[in-house]
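Take a look at the structure set out below.
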Amino acid sequence: MLEMFYVGFTQILALKPLILIFLGVGVGIIFGAIPGLTATMAVALCLPLTFGMHPVDGMALLIGLYIGGVSGGLISAILIKIPGTPSSIATTFDGYPMAEKGEAGRALGAGIFYSFLGGTFSFLVLFFIAPPLADIALKFGPPEYFSIAIFSLTLIASLSTGSTIKGLMSGIVGILLSCVGTAPIDAFPRFTFGFRELDGGFNLLPALVGLFAITEILKTAESDIEIKLENIANYKIKGFGFSAKEFVEQLGNFIRSSLIGTGIGILPGIGGGTSNILSYIAAKKMSKHPEKFGTGILDGVVASETANNASIGGALVPLLAMGIPGDTVTAMLLGGLMIHGLSPGPLLFTTSGNIVYGIFAALIVANFVMVLMEYFGIRFFVRLLKIPKHIMLPIIIVFCVVGAYGLNNRVFDAWSVMLFGVIGYAFEKWGFPLAPVILGFILGPIAETNLRRGLMMTQGNFLPFLTKPVSGAFLVIALASVIYSVIKERKRAKG
């Protein structure tokens, strides 16, 4: 393993990957800090740029965007009480009250430092868990992969905020969209309606950009959020804002929040948006002074920012070990790997180990770049909060369309971006979650291909899918998660 880490760092510490990491982290922080722009949008927007790059260079850029985007949300959460990303919602609970008391610099310093520590903790977990998990997954056959894909689809649908039924329906829509074009294995055309452009189906990249970038732009355009200079809290950062004694006092909070963030990140489809809130609740329940939470104390900022960054490494565990995205951004990273002809999963460790460990090295380097760039560049990032939406959003739309067109030089892909953007916006308006759509789009073909391969192996007998221990266990857990969510939702409706 040490030898592979050496190979990974030799690739990342070259000039081009380092420049891309710095660029990615910087752009990611900007997208994270400005309300309405997210890490998901940043990765979706820059995904087409990686098409002509070496896989390690492309992933270095995307990893930088991911880490910078998740962490950057703390800036607006603390200074203007608007979370830049869903991962920073809980940061506003104590971060802004600290700013109102004149402790904005202290909150920012602690948030930046514990973002770094939370990320580092989860990366260590990733490094030690992913390779042995991939070794176990190598023994899986088509029935196991089919069951894991179904489990992932039901889990993300049942854990979606709001209605479980709407979550499942979103996942089904994603699967149906993935069925457009030629079928796997026998290449039979489906749902093309005589349009030759649909023979190849919808491309993953326009779907990602449309659902997560265009949809967010449309939502942001209709909001009335305009940030004025006088609304930004004054701040002065001196050190990281806390003493060695306070660091020791926060150790328990840090470890608990890191475990929550990493654990929730590993579960497909949940991510930092949930982990930061759960970590905040856990910190409040375990605190000796819970009544102080919400009034502006360090514990709340530490819990939220540790957990949301810890979810990054956790979300990469199922992606790299089994090819299952842990959240929407890792779905983008899956797309980035697929663009380069790589299939995330257990075989990636054996066939492209240099790329896997290049990603590991990029995570470490990008995390250090994030803490340095946020700490020393905070004044620059704060000024960007004042950019008017009517200037920023049209530029982003142009980048989205040009990026999608540049993938295959097809106008159809540009129209696909707009189509998926409208679909995503309509889903948001009607209360349907978007994450299951893209997970269905990605995992649908995996489930279908492995189902057909498994049935071919068993001569049409589905029973082995249920009797094989791993396959059967995942199907049972998938069914149980849906039943539990439906029962829970009914109880909530009655209460």
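Only the coordinates and a few stated rules stand behind these numbers; no lab work does. None of these values were measured; they are calculated from a predicted model. All Cβ positions, even for glycine, are placed from backbone atoms using ideal geometry, and neighbour counts span all protein chains on display.
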query = Which ³J(HN,Hα) values in Hz, rounded to whole numbers, follow from the phi angles of the stretch 397-404 under the Karplus curve 6.51 cos²θ - 1.76 cosθ + 1.60, where θ = phi - 60° and Gly and Pro get x?
reply = 4, 4, 4, 4, 5, 4, x, 5
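Which whole-number percent of Cα pairs in the stretch 2-494 have a distance greater than 41 Å? Let's see the in-between values first.
On the way: 18885 of 121278 pairs.
In whole percent, the long-distance tail amounts to 16.
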key: Exposed-loop-free span, longest in the chain, where chymotrypsin sites (Phe, Trp or Tyr not before Pro) count as exposed if DSSP calls them loop and at most 14 other C-beta atoms lie within 10 Å   = 196-429
inquiry  = Can you compute 3J(HN,Hα) from phi for each residue in the stretch 423-433, using the Karplus curve 6.51 cos²θ - 1.76 cosθ + 1.60 with θ = phi - 60°, rounded to whole Hz and x for Gly and Pro?
reply    = 4, x, 5, 5, 4, 4, 5, 8, x, 8, x
message = Which residue, 104, 343, 363, has the largest displacement toward the positive end of the dipole of the stretch 2-494 when charges sit on each Cβ (Lys, Arg +1; Asp, Glu -1)?
response = 104
query = Given H placed 1.01 Å from N in the peptide plane, which residues other than close sequence neighbours of residue 182 have an amide H under 5 Å from its amide H?
reply = 190, 201
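Based on the Kirkwood radius over alpha-carbon pairs, what is the Stokes-Einstein translational diffusion coefficient of the stretch 89-131 at 10 °C with 1.306 mPa s viscosity, in µm²/s?
135
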request  = Report ³J(HN,Hα) in whole Hz for each residue of the stretch 358-373, in order, from the Karplus equation J = 6.51 cos²θ - 1.76 cosθ + 1.60 where θ = phi - 60°; Gly and Pro get x.
outcome  = x, 5, 4, 5, 4, 4, 5, 5, 4, 5, 5, 4, 4, 5, 6, 5
note = Rounded to one decimal in nm, the spacing of the 7 Å Cα→Cβ label points at residue 255 and residue 192 is 6.0
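In the structure shown, do any of 238/285; 219/386; 238/292 have a Cα-Cα gap over 27 Å, and if so which? Can you show the working numbers first?
Working: 238/285 30 Å; 219/386 18 Å; 238/292 24 Å.
Long pairs (Cα-Cα over 27 Å): 238/285.
How do 456, 392 rank when sorted from fewest to most other Cβ atoms within 10 Å of their own Cβ?
On the way: 456 11, 392 16.
Lowest to highest Cβ neighbour count: 456, 392.
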query = Rounded to the nearest 20 Debye, what is the dipole magnitude of the chain about its Cα centre when Lys and Arg each give +1 and Asp and Glu each give -1 at the C-beta?
reply = 820
request  = Please identify which residues in the stretch 436-472 have an amide N closer than 18 Å to a label point set 7 Å out from the Cα of residue 410, following the Cα→Cβ vector.
outcome  = 441-442, 445
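So for 112, 264, fewest C-beta neighbours within 10 Å to most, what's the order? It would help to have the intermediate numbers written out before the result.
On the way: 112 23, 264 26.
In order of increasing Cβ crowding within 10 Å: 112, 264.
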ask   = For residue 468, which lysines qualify as cross-link partners when the Cα separation must be under 26 Å and same-chain residues fewer than eight apart are set aside?
value = 139
inquiry  = Take residue 492 and residue 223, extend 7 Å from each Cα along the Cα→Cβ direction, and tell me the distance between the two endpoints in nm.
reply    = 2.2
task = Based on a Kirkwood Rh over C-alpha pairs, give the Stokes-Einstein translational diffusion coefficient of the stretch 2-123 at 20 °C and viscosity 1.002 mPa s in µm²/s.
result = 142
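What Kirkwood Rh does the stretch 72-226 have if only Cα atoms enter the pairwise 1/r average? Answer in Å.
With all distinct Cα pairs of the stretch 72-226 included, I get 20.1 Å.
Per residue and in cubic angstrom, what volume does the convex hull of the Cα atoms of the stretch 51-155 have? Write down the numbers at each step before the final one.
Numbers: hull volume 16.3 nm³, N = 105.
Dividing the Cα hull volume of the stretch 51-155 by its residue count gives 155 Å³.
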inquiry  = Could you tell me the center-to-center distance, by alpha carbons, between the stretch 82-156 and the stretch 406-423 in angstrom?
reply    = 31
message = To make sure I understand the rule: partners must be lysines, Cα under 20 Å from the Cα of residue 494, and not fewer than 8 residues away in the same chain. Which ones qualify?
response = 166
